[in-house]
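Down below is the structure, laid out as structure tokens.
All of the numbers you see were taken from the coordinates with simple rules; none came from a lab. Please read all numbers here as calculations on a predicted model, not as lab measurements. In this analysis, Cβ positions are derived from the backbone assuming ideal geometry, glycine residues included, and neighbour counts consider all displayed protein chains.
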Amino acid sequence: MSLLSLAAWALVAGQGGPTSGPFVPEAAYARPRNRVASDKAIKIYFLRTSFENDADPTVSRHTEEAIQGVGRDLDKYFQIQSYGLMRVDKFEVSPVIKLKDSKLYELTDASGKETPTQGRRNLIRDAISTANTQLSRTLAKEFDFICVLVNESPTKGRLQKANTAAYATGPQNSIFFARAPRWTVFSHEIGHNFGFPHAWSVSPKAGDQVPPKPDDRTFREYGDPGSPMGRGMNSYSIVEKYRMGWIGSSPSDARYIQRLSPGNLRFMAYDQANAKGLVGGYLEGDFGIAAKELVGRNDDGDKLAEMQIAENPGPSRLWLSVISRGNYAQGAMPDLDKPILVAHLSSLTPNATGPSRATMTVSLDLKPGGQARTRERMEDRGLGVGESSSITLKDGRVLKIRFAGFDPVSKMASVEAVFAGSRP
Ligand SMILES: [Zn+2]
């Protein structure tokens, strides 16, 4: 991001008079331009399919009733996540669209042998084009998101890569291979359609430093225990909501984050439906984690070359926010008895095709040390009220963070963030 481009953007925004609609974050955090607007009343098409060699090709294992439930849950979820800016305006469950013989789509046959790529057909593409033809519609124009639901292959080969329950392609389409994918899987894939990458985590293997030292780090690609872009079922993280424009960056926004300075901080839990005012923010510094460490791996554990990113050139942001609502199970999102202070790291990385971007975020384990703890749950990684953590910067300074208090009525958190050894 250059100061010039930021200033130019501010000028344009200022000329429009009172602005409405979602906030647009600075270029380094903005989503790709071809993504759905953050305040859209979205339309989703659930495209059910069968294979012509199914025992009964008129039947999808995805019942209309089950998928209607997913649509309703997604509507509730997006309304809460976006503070009412986004909702599901319309969703439709398709009749069963019959695809060709499942063998034509299999990556491996029933014996596990790889099928020849020549002649192999693309499931998403076939499903959408067949539906368009059979129904005389243009689904890509009518809907913002098309979710393709497939049966198990009757010939028992594998239709998807190992350990893949679903995946998204680009800004609009996704495909689901599980028997009964829950709404959380859809919120993950639609999150990719929004432009989000996976929500990583970093934990120490054995040591007790935050962030863990390079030799002691375990990164997990789906590690964030809160965000559906990790393995969470709660809110999108504060960084994801900021990137969506659901949270702004100045007090003129209904809810906003800001660059924080060490001291006594007060902000509201960001995941409340009525969150307003300051809902978190970030401290800048070099926390010693380079984005190049976040590297996708294939099934053999080899690095995927296209995911390798250069050394972080600029200051990282340590994002602080408070999670105050529990797992979003079946449409319910109850307040937590014990709110949790969580931390994420993001850093700007050079992009081969453009300016530096902060596309990756990493959930930080604020409570390292000891092997007994699983570090799998939010409450095992974030701080409860009264707990503290010491975060070491690359230059050796130590930032002490304490979750000092939380008011259950106003949902306001008090956090102390001071450099150890400095005067209060
Ligand atoms: Zn994913």
query: So, in nm, how far is label Asp215 from label Glu387 when the simple model puts each one 7 Å beyond its Cα toward the Cβ?
result: 2.8 nm
query: Around Leu336, which amide H atoms from residues at least 5 apart in sequence, or from another chain, sit under 5 Å from its own amide H, with H modelled in the peptide plane?
result: Arg325, Gly326
- request: Could you work out how far apart the two model spin labels at Glu379 and Lys98 are, taking each label as a point 7 Å from the Cα in the direction of the beta carbon, and quote it in nm?
  value: 5.3 nm
statement: In this structure, the FRET efficiency calculated for Gln134 and Tyr222 from their beta-carbon separation, with R0 = 41 Å, to the nearest 0.05, is 0.70
field: Two-site label geometry, Asp335 and Asn163: point separation in nm, points 7 Å out along Cα→Cβ
entry: 3.9 nm
message: If I take R0 = 41 Å and measure r between the Cβ atoms of Ala110 and Gln79 in this structure, what FRET efficiency does the formula 1/(1 + (r/R0)^6) give, to the nearest 0.05?
response: 0.40
statement: So, relative contact order of the stretch 113-194 in percent, Cα under 8 Å, 6 or more apart, is 26 percent
message: What value in Å³ per residue do you get for the convex hull of the alpha-carbon atoms in the stretch 162-273?
response: 160 Å³
- prompt: How much FRET efficiency would the formula 1/(1 + (r/R0)^6) give for Thr58 and Asn274, where r is the Cβ-Cβ distance and R0 is 41 Å, rounded to 0.05?
  reply: 0.30
Violating pairs (Cα-Cα greater than 26 angstrom) within the set Lys241/Lys411; Lys367/Lys411; Lys103/Lys141; Lys276/Lys394; Lys213/Lys367: Lys103/Lys141; Lys276/Lys394
Alpha-carbon centroid distance for the pair the stretch 168-182 / the stretch 91-160, whole angstrom: 11 Å
field: Share, in percent, of DSSP beta bridges within the stretch 32-194 that are antiparallel, nearest 5
entry: 25 percent
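Using the per-residue mean of other Cβ atoms lying within 10 Å as a proxy for protection, in what order, highest first, do the peptides 178-188, 28-38 fall? Before the final figure, lay out the partial values.
On the way: 178-188: 19.0, 28-38: 15.6.
Result, highest mean Cβ count within 10 Å first: 178-188, 28-38.
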query: Taking neighbour Cβ counts within 10 Å as the exposure measure, how do Glu114, Glu106, Glu416 sort from fewest upward?
result: Glu114, Glu416, Glu106
message: When the expected Rg is taken as 2.2 N^0.38 Å, what fraction or multiple of it is the alpha-carbon Rg of the stretch 32-194?
response: 1.04
task: Could you please rank Lys90, Lys394, placing first whichever residue has the fewest other Cβ atoms within 10 Å of its Cβ?
output: Lys394, Lys90
statement: Note, the stretch 184-189: 3J(HN,Hα) by Karplus (6.51, -1.76, 1.60, θ = phi - 60°), whole Hz, Gly/Pro = x, goes 5, 5, 5, 5, 5, 5
task: Could you tell me which trypsin sites (Lys or Arg not before Pro) in the stretch 187-235 are loop residues by DSSP with no more than 13 other beta carbons within 10 angstrom of their beta carbon?
output: Lys205
- prompt: Given a cut-off of under 8 Å on Cα pairs at least six residues apart, what relative contact order in percent is computed for the stretch 168-254?
  reply: 20 percent
message: Taking the beta-carbon count within 10 Å as an exposure proxy, list Phe23, Phe219 from fewest neighbours to most.
response: Phe219, Phe23
